[in-house]
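*Asks:* Shown below is the structure under consideration.
What follows draws every value from the coordinates through simple rules; no lab data is involved. This one's a predicted model, so the numbers in the text were calculated from it and none came from an experiment. With ideal geometry, Cβ positions are generated from the backbone for all residues, glycine too; neighbour counts draw on all protein chains shown.
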Amino acid sequence: MASKNSEWVGGSGFLALIDHELFLVTTAHIGDRDLAPRADWREWPDRIFVGHTVLVDQEDGLPKRIASFELFFEDSELQRIPRFKYQLREDMPGRMADIILLPLGQEVQLEQTYRFFDLPAEIGDHRPGAPVTLVGRPTSTFPQLVATTGHATVQAGPLRLMFPAGQDGDSGAPVINAQGLLLGMNVGSHVNAMDQAMLLSPEAIVALASSVDGVALEWPQFAAVSPGTP
């Protein structure tokens, strides 16, 4: 969950251990609801909350908070500096890929409460047609955990697709194969395939862990198209 000007936004997420560092993985649009999230930190909330799957706060009716994390710190000139890892888009200046990785440090409570993916060891093989499961928290039943079963479809560069599409609130949810290995993170529906869920690949997640100032050197690229290719 995230808040800005008393407006609450719910979503999904998961934990990943990458190079011995624990991250909270979720979408960037939990911070900026624009279709292509903006790297304009003035538009973002100050913090993100992790809510309990069952318990509800009696005062505001929202899931009871397990943990709260600041998204920014301020430099000497009081400019907001992200604490999270992000990836700037080359095709859209000022915009970013719809994913953030928030370093958790020694957040023992979350590590003991929730399972984490040990990456890259727990990356699954994306095979079109293979059964997959999206594990998220749809807004309609929030904060209950809901498993949506389907099958993998195509893959390209940092993206994967699965059928069917997730529901509102499933953004940030992990998609796993039958062995429980990670196949990607749901970011919504593809503009050209609205009945399918669009995923960011585990390889993109691993690459993002080493991002500096919005640039991950190993970010997966789409295959180049040769002249004359239809």
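*Asks:* Test of understanding: what is the full-extension gain from Phe163 to Arg65, defined as 0.36 nm times their sequence separation minus their Cα-Cα distance?
*Replies:* Extra length available between Phe163 and Arg65 comes to 32.1 nm.
*Asks:* I'd like to compare 151-162, 72-83: which one has the highest average count of other Cβ atoms within 10 Å, and what's the full order after that?
*Replies:* Those peptides, ordered most packed to least, come out 151-162, 72-83.
*Asks:* Rounded to the nearest 20 debye, what is the charge dipole size of the chain about its Cα centre when +1 sits on each Lys and Arg Cβ and -1 on each Asp and Glu Cβ? Write down the numbers at each step before the final one.
*Replies:* Numbers: 16 positive and 29 negative charges, 97 e Å.
So the dipole magnitude of the chain works out to roughly 460 debye.
*Asks:* Just the number, please: percent antiparallel of the DSSP beta bridges in the chain, rounded to the nearest 5.
*Replies:* 90
*Asks:* Taking θ = phi - 60°, what integer Hz values does the Karplus form 6.51 cos²θ - 1.76 cosθ + 1.60 yield along segment 97-105, in sequence order, with x for Gly and Pro?
*Replies:* 4, 7, 7, 9, 10, 9, x, 9, x
*Asks:* Using 7 Å Cα-to-Cβ label points, what is the Arg127/His20 separation (nm, one decimal)?
*Replies:* With each label point 7 Å from Cα toward Cβ, the separation is 3.5 nm.
*Asks:* For the chain, what does -39500 (n - 2.57) per DSSP helix run (n ≥ 4), summed and divided by total residues, give at 222 nm, in deg cm²/dmol to the nearest 500?
*Replies:* -1500 deg cm²/dmol
*Asks:* Using only the Cα atoms, work out Rg/Rh for segment 113-229, with Rh taken as the Kirkwood radius, to two decimals.
*Replies:* 0.99
*Asks:* Relative contact order for the chain: what is it in percent, counting Cα pairs under 8 Å that are at least 6 residues apart?
*Replies:* Relative contact order, the chain: 19 percent.
*Asks:* Further question: Among 29-41, 166-178, how do they line up by average Cβ neighbours within 10 Å per residue, starting with the highest?
*Replies:* Result, highest mean Cβ count within 10 Å first: 166-178, 29-41.
*Asks:* Which of Ser211, Met92, Phe142 sits closest to the plus end of the dipole of segment 83-224, meaning its Cα is farthest towards the positive end, when Lys and Arg get +1 and Asp and Glu get -1 on the C-beta?
*Replies:* Phe142
*Asks:* Let me ask something else about it. Just to compare against my own numbers: the Cα pair-distance distribution for the chain, 10 Å bins, whole % per bin, please.
*Replies:* Histogramming the chain at 10 Å steps yields 8, 33, 38, 17, 3, 1, 0 percent.
*Asks:* Ok, one more. So what's the convex hull volume per residue for the Cα atoms of segment 146-186, in Å³?
*Replies:* On the way: hull volume 3.1 nm³, N = 41.
In segment 146-186, the Cα convex hull volume per residue is 76 Å³.
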